[in-house]
Amino acid sequence: MSIRSAAMLVASALLVLTGCGSVDERADAAASVATGLLTAVQAQDGADACAAMAPDTIAELEESAGKPCAEAVLDEDLPAPGAVTGSDVYGQWAQVRLTEDTVFLAAFPGGWRVVAAGCTPRAQRPYNCLLQGG
C-alpha cells in the first residue's frame with residue numbers, strides 16, 4: 001500500500017468517525033464550536049477563534065483582510081455569543097442558530113469547523129455572512 005493510499009484510508013476512517021454518535025450529540029458539538037468561535041472573538045482571542053474555523057474560511061479571511069487570521073477575525077463585526085435557539089445536522093454539515101447569529105459548520109477529521117458566521121437570512125436568497133469560506 002502506498003503512503004497516499006494509507007493517508008486516504010486514514011482520512012476516510014476519520015470522516016466516518018465524525019459521523020458517529022447521535023444527531024443530538026453531533027448538533028450539540030456543532031453548537032459548542034459555533035459559540036466557542038463567537039466567545040473567543042468577544043474575548044479578543046483571535047488564535048482560539050481561528051482554531052474553530054475551516055481552512056478555506058481562514059484562507060478567504062486572510063486574503064481579503066491582508067493579515068493573519070488571528071488579527072483579521074477580531075476586525076470582523078461578529079455578534080456576541082447568544083443563546084442557541086436551534087441546531088441542525090445534515091450529514092457532514094450543520095447549522096447553528098443563535099439569538100443574534102446563524103453559524104454554518106462542516107465536519108472535519110478533528111471535529112466541527114466553522115465555514116460561515118455572522119450570517120443573517122434574506123428572503124428567498126442565501127444567507128448574508130460576514131465571515132465565510134470560498
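No value in this document is a laboratory result; all are computed from the given coordinates. As the structure is a prediction and not an experimental result, all values here were calculated from the model. As a convention, Cβ positions derive from the backbone with ideal geometry for all residues, glycine included, and neighbour counts pool all protein chains shown.
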Search result, residues across the range 42-89 that are among the hydrophobic types (A, V, I, L, M, F, W, C), surrounded by 14 or more Cβ atoms within 10 Å (Cβ to Cβ) and over 16 Å from residue 133 (Cα atoms): 74, 84, 89
Members of the range 56-102 that are within 29 Å of residue 25 (Cα to Cα) and in a loop (DSSP other than H, G, I, E, B): 78, 79, 80, 81, 82, 83, 91, 92, 99, 100
Residues that are more than 19 Å from residue 127 (Cα to Cα) and under 16 Å from the mean Cα position of the chain (by Cα), drawn from the range 74-91: 74, 91
Number of the condition not met by residue 114 [criteria: (1) surrounded by 14 or more Cβ atoms within 10 Å (Cβ to Cβ); (2) farther than 25 Å from residue 22 by Cβ; (3) in contact (Cβ under 8 Å) with a residue 24 or more places away in the chain; (4) out of contact with any Cys (no Cβ under 8 Å at 6 or more places or on another chain)]: (2)
